[in-house]
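What follows is a short report on a single structure.
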Amino acid sequence: MGVELGKGDREAPRGTTGQAPQPAPQVRTGATPARTTPPPAPYEKREPSVPEQQGENSRGLSPQAMGLFTAAWTAGWIVAFTQDLTALGLIMLFMQGAVFAYVKTNGLPWAGANREALRARRLERHRLRAQRHRPPAVETPAAPVLPDPVSTAERALAGAVVRAETSGGRMDADAVELVREVDRLLRPLLAQLRTREADPQVRHDLETLAGEHLPRTVDDYLVLPDDYAHEHRTAAGTTPADELRSQLLLLVEGCRQLRDAVLARDVDRQQQQSRFLEAKFRRSDLDL
């Protein structure tokens, strides 16, 4: 019986245990052997897993409360069956899983944080309902701001004076002086309208004379050419320059009449005050 030498070298027996594992092949790069497998991961210390505790604002029930709720629910459907309330017992039995899952996650609807959430939702519903039924707000249009008649008259008066003074000689010197005289008479009277009560008719006449009559008189003359205004003769034998002086004289006379009316009212008011003081403070001879 012969022995086959070298057979063990060519074929390793199957299922052998106790032999050391063959080392991984190494690839030499230079003098230092290089690893073909990745190095093991470094050791990391991990904290032991602790079940998450329910905080103060957690909505779910604690295990103890969940146990009491489960016992109460189970006792409830058992009592329903014993009291011949079969429909109620079947409903509680079939809804048990869904109710337990909801309570375990969200807690009881009427307790704890859920009570505050329910109250907030209820208030929000009331607010939305009241907002839907609230009548639409009617925006009151702002009253238009009317211009001050006195200020308008003062601006028109000042503009007429400026146009007369800057006419470049188209208006005679005496006509320009008459325009200035109207301004000197009207401006103080218009200023008094801001602080003192005046007769409505006098007030209207002052505003009309300063805001319409004088500006129209000046503008109607300045629209004419210079030669036509001084040379053209009307049916009455007067020139437009003569008509201008006549109109300005009438305006001056009207201003003086209005000035007398305003001052007469002030004098009358002063006399009334004198009579009042005399009746109140002067003692008769019988009091002496």
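So here's what we get for this one:
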| read-out | value |
| --- | --- |
| Relative contact order computed over segment 160-288 (Cα-Cα under 8 Å; 6+ residues apart), in percent | 32 |
| Extreme residue, positive dipole direction of segment 149-275, given options Val150, Ser167, Ala210 (C-beta unit charges) | Val150 |
| Gained length - Leu85 relative to Leu222, 0.36 nm times residue gap less alpha-carbon distance | 38.3 nm |
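Read the figures in this text as sums done on the coordinates, not as results from a lab. Bear in mind that the values here come from a model prediction, so they are computed numbers and not experimental data. A quick note on method: Cβ atoms are made from the backbone with ideal geometry, for glycine too, and the neighbour counts reach across all protein chains shown.
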